Structure formats: structure tokens, C-alpha cells
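The values are calculated or read from the model by the stated rules, or taken from the named source; none is laboratory data. What you are looking at is a predicted structure, and each value in this text was computed from that prediction instead of being measured. Cβ atoms come from the backbone with ideal geometry, glycine included; neighbour counts cover every protein chain shown.
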Amino acid sequence: MADRHFDLVVIGGGPAGYVGAIRAAQLGMKVACVERDKLGGVCLNWGCIPSKSLLANAELYEKVSREAKDWGLIFEKLDVDWPQIIARSRGVASKLNKGIEFLFKKNKIEHIHANAKIIAGRKGNSPCKIEIADAKVQDTLTHAPTTVGKKRETITATNVLVATGSVARDLPFARFDGEKIIGAREAMTLPAQPKKLIVVGAGAIGMEFAYFYATYGTEVTVVEMLPRILPVEDEEVSKELEKLYKKFSMTLMTNTTTTKVEKTKAGVKVTVAPFKDGKADAKKAQVLEADKVLLAIGVKGRYDGLFDDSLGLQTVKDHIKTDYVPGEIGDPKPYTYATSLPGIYAVGDVIGPPWLAHVASEEAVVCVERIAGHDPIAIDYTVVPGCTYCHPQVASVGFTERALKERGMKAGKDYQVGKYSLMAHGKAIAAGQNKGFVKIIRGLPRGEILGAHIIGDQATELIGELTLARRLEATSEEINVTIHAHPTMYEAVHEASLASEGKLIHG
């Protein structure tokens, strides 16, 4: 017999898990959340939040080290206290971690600090069963191994929500060791700043860390297999950031693949080669040397040891399979996020792209509300903002021009583009942040917002207006007649919208 029963057991305490647990409690369910590490998951403890603390540090350092004279600031000596930079980041994570504990107590959610293993799904009147055991997590490694100890109890649940997130991918010939071959988790807590760093992968994570370390003087080389950095973003945005970062003394090697990583006494030797037509040109390979190599090549769902093998859980491409189909485009569908096992649901990174904390949280809310018998508005996955917090920031929502062309749409006939440079933008000049642009794509003939792409200061904040506009199917005309406060960065959105109709004023 089980020791205790819950209406819902949430496994994982990250952005999907803790949000889903709170919403379930609000709906009157008896809820437990099992988390073997710290509440907040990777996002709060090792990802989104502490990394933004580090990036805020880097932006401040960039301003006072490179632009001090422009601002009328004079320093006799500017130095860096590296341990304090790291300590501040860890302090930010710790503070928010305690905040989730408070929210659990407020909502009467039982927090079970342990390892969970699902041993049975729901069968008829028989509930799901979860074994609870002691767990010890090693915090210092990207693939943090968990030692499962003594079994404590078996609990049951009417429903189970799996929200165990993801883990960084490494390479078959380059496994994480936490010292010379590292992932994002180690990159946030290095005890000393490396003199040379090779970053493999030029997506959001790779470029954020490339910016952070390059700002403090690390010699950074970025290796990307695809033709450009930030390959999922608008091509003009990628080219603009590439142009700025080459001036920033960052080496960017696109159309280049990594073929070998060798650890040496001094650091690492990384063999790279030109990549074209799906093949590496071994004859033109070269060896790069650095203190460390950071692998930022993507993530995979983390559910190792979570399900008893006898259950036969269905998976796809290293993620748990649900009724949600990643990348599916069309009218929003009422996904339930049900797995192949009755009574067991999964949300967030563990079920696949877009691997974003804000998507994970929303999936959890929708899933729990459906479990409770409600009919929530389905998530529209074409209205998900994507953000990269390097400097200048990059943000986008909706379709790129390339995606529209792949769908058979033509510029001037099916859509129109408006672009506004920040070079002449009043607030941007006043703030010393006039690099970048805002680009808006509107559909024809109605003028609905099909996509928006921003590179510049506060881009990750500005994208909010355009995300809402797309969600409400607003038109460029409606943005045009909305008065934007002056002087603000938000006026750049207004100008880009005007430009999409050939009415640009300040450009």
C-alpha cells in the first residue's frame, strides 16, 4: 500500500514544474512537487537568471571600460574582482530559490526533496505510483549525476506531471569533464577567467557566453556549423551582430564544424574544418588551442531513470512523446500534453523545442487546467518570443522573411517589410545605445503583424509589444495610431511599423 495519495504529483521544480504545481493548488488540488535538486530548476539556478546577472555585469564593465571618457568618467584604475562577479550571480539565484519555497508554503504544496521514479501509470481505478528515494546531486557538472539512495516511501497520484527539463548535449568525442570541456553550467562558475576560450555553437547560449567572456578580455573563438551566428534569427539580425562582434575582436568561424577535441596539459586542442553540403573538408582542417572549450550545441530531454522500464514510455528524438508536435504550424491546437502512459503528462524542455522557460510555464498552466476539466486557450506556438541577452540584445517573434519565402510568399505581394535603424533614434543616442534596428513584417493586404525582429538595447523588452500585437492579430495601422511616449526606445517599434507602410518619419 502507498503511504500517501495526491491529486497531482509534479516531478521537477523548474519553470514548468513549480508553476504547474501552483496553478493546480489554486484549482483546489492536493499537490506535491518532487525535486531532487534545488527548486527553480536549471533556469533559476544555472541558466536564465544567474546568466543574466553575469551579462548585466559584463554590460556595466563594457560601458565603464570602453566608454568612460564619453560619459565624462575618469578612473585611475579599473580592475575586476572575478570571484565577486560569480558570487553575485550565485546570490541572485539563491534569493529567488527561497522565493519559490515561500510560494509553495503559501499555496500548501508539499515539497518533497528526493528522487522520483514512476513505477505505474493509471489503470482503471488504480492510481499512478511513484517511488520516493533519497538523492544526492552533484552540482558541479553539466551532466549532474544523481546518486539514488534508500527508498523512503511510495506515493500515489490521480495524475502525474513530468517537468524534468533538459540537459546539455556533448559530442561523442568530447564528453563534459567540468574542467576543460565544459557546458553552460560550469561556464557560470569558473573560479578563474580563461585567457582563451573556444565556444562550439553560435545559438543563444553560445553567443551569450561568448559576449560575456570577450567583454572581460578573454580571447574568444566561436565555431558554428551553419552559415551564420544565431541561425534561427532573421538573416539581417545575424549579419548585424556578426559585424559588431568582429569589431569586438571576437573570432567567428561559421560554416565550420568541430571534428576532434583533445585535452592537453595546458588546456584543449580543437580540430575544426570547413563544412559544406553536409560534409567536413578534412584537407582544410586546422587546430585551435585554448584553455577551455564550451559546448553549446543544444539540449535533450532529461528523464533518465524516471520511468520503470516495464512501462514502455514512448519517446522521440531524446524527448518524451506527447500529443504536442514540436514545430507544427497551423491554428493553435488544444494539446493535453498527455504521454503514452495513462494519467501521466509532460511539459517543458523534456518534450522538445522550443526549449524556453516561458513556454514551459505556459504549457504547465494549460496542461493542469485541462486536467482540472477547464478549457484554456491553446498555446499559439507561432507567437513565442525568442530572446538572446548578449549585447546588443536580440529578440524576435513570428516568422522570418526566409520562413515566409519557404511558404511560397513573396515580398511586395504577400508581405511588406519595415525597418528602422537606431542610429538616429533620440533615446538610443542619449543612452549611448544606438546600434541595431527594429524590423517588422506585415501581411498584405490587411497589414497583420507576421513577424518582428529586433537587435539593440532593450530588445528583449521591446519585443513584448509586438508579441501582444501578433497574439491579438493587430495590424501595422493599429500600432501606427498608438501613441508611444517620447523619448523612449518603444518609439523605434512605432517607426518600424510606419516604415512597413512607407510612412517612416525619422529615417
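The table below gives the values:
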{"quantity": "Some residue of the stretch 230-247 being part of a loop (DSSP other than H, G, I, E, B) and more than 23 Å from the chain's Cα centre (by Cα)", "calculated": "no"}
{"quantity": "Single match in VAL222, VAL200 (criterion: in contact with a Ser or Thr (Cβ under 6 Å, 6 or more places away or on another chain) and of a type outside the set (S, T, N, Q))", "calculated": "VAL200"}
{"quantity": "Residues of the stretch 222-239 classified as surrounded by fewer than 20 Cβ atoms within 10 Å (Cβ to Cβ) and either hydrophobic (A, V, I, L, M, F, W, C) or touching a strand residue (DSSP E or B) at 6+ places or on another chain (Cβ under 7 Å) (or both), total", "calculated": "4"}
{"quantity": "Residue check, ILE463 buried (at least 23 other Cβ atoms within 10 Å of the Cβ) and at pLDDT 95 or above", "calculated": "yes"}
{"quantity": "Test: residue in the stretch 168-183 that is in contact with a helix residue (DSSP H, G or I) (Cβ under 9 Å, 6 or more places away or on another chain), among the hydrophobic types (A, V, I, L, M, F, W, C) and at pLDDT below 95", "calculated": "yes"}
{"quantity": "Some residue of the stretch 400-409 being more than 18 Å from GLU233 (Cα to Cα) and modelled with pLDDT of 95 or more", "calculated": "yes"}
{"quantity": "Residues being over 19 Å from LEU306 (Cα atoms), in a helix (DSSP H, G or I) and not aliphatic (A, V, I, L, M) - total across the stretch 1-34", "calculated": "2"}
{"quantity": "Conditions (1) outside the structural domain of CYS367 (by TED's automatic domain parsing); (2) touching a Leu at 6+ places or on another chain (Cβ under 7 Å); (3) not hydroxyl-bearing (Ser, Thr, Tyr); number of the one not met by ILE22", "calculated": "(1)"}
{"quantity": "Test: residue in the stretch 343-358 that is hydroxyl-bearing (Ser, Thr, Tyr), touching a helix residue (DSSP H, G or I) at 6+ places or on another chain (Cβ under 6 Å) and not in a loop (DSSP other than H, G, I, E, B)", "calculated": "yes"}
{"quantity": "Any hit, the stretch 197-215, residues being under 30 Å from ASP79 (Cβ atoms), of a type outside the set (S, T, N, Q), at pLDDT 95 or above and in a loop (DSSP other than H, G, I, E, B)", "calculated": "no"}
{"quantity": "Failed condition for LEU44, given (1) within 14 Å of SER89 (Cβ to Cβ); (2) surrounded by fewer than 24 Cβ atoms within 10 Å (Cβ to Cβ); (3) of a type in the set (A, V, I, L, M, F, W, C)", "calculated": "(2)"}
{"quantity": "Residue, nearest to the chain's Cα centre (by Cα), within the stretch 299-324, restricted to residues that are loosely packed, with under 15 Cβ neighbours inside 10 Å and within 30 Å of ILE377 (Cβ to Cβ)", "calculated": "LYS317"}
{"quantity": "Whichever residue in the stretch 412-425 is of a type in the set (Gly, Ala, Ser) and more than 13 Å from VAL493 (Cα to Cα) and, among such residues, is surrounded by the fewest Cβ atoms within 10 Å (Cβ to Cβ)", "calculated": "GLY412"}
{"quantity": "Test: MET225 is closer than 28 Å to GLN393 by Cβ and either without any contact (Cβ under 8 Å) to a residue 12 or more places away in the chain or in contact with a helix residue (DSSP H, G or I) (Cβ under 8 Å, 6 or more places away or on another chain) (or both)", "calculated": "no"}
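Residue by residue, here is whether (1) over 25 Å from ASP331 (Cα atoms); (2) at pLDDT below 95; (3) surrounded by fewer than 24 Cβ atoms within 10 Å (Cβ to Cβ) holds:
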position: ILE440; (1), (2), (3): no, no, no
position: GLY443; (1), (2), (3): no, no, yes
position: GLY447; (1), (2), (3): no, no, yes
position: ALA452; (1), (2), (3): no, no, no
position: GLY456; (1), (2), (3): yes, no, no
position: THR467; (1), (2), (3): no, no, yes
position: GLU478; (1), (2), (3): no, no, yes
position: HIS486; (1), (2), (3): yes, no, yes
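For (1) touching a residue at least 40 places away in the same chain (Cβ under 8 Å); (2) touching a Cys at 6+ places or on another chain (Cβ under 8 Å); (3) under 21 Å from GLY47 (Cβ atoms), each residue gets a yes or a no:
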| residue | (1), (2), (3) |
| --- | --- |
| LYS69 | no, no, no |
| GLY72 | no, no, no |
| ASP79 | no, no, no |
| ILE86 | yes, no, yes |
| LYS98 | no, no, yes |
| PHE104 | yes, yes, yes |
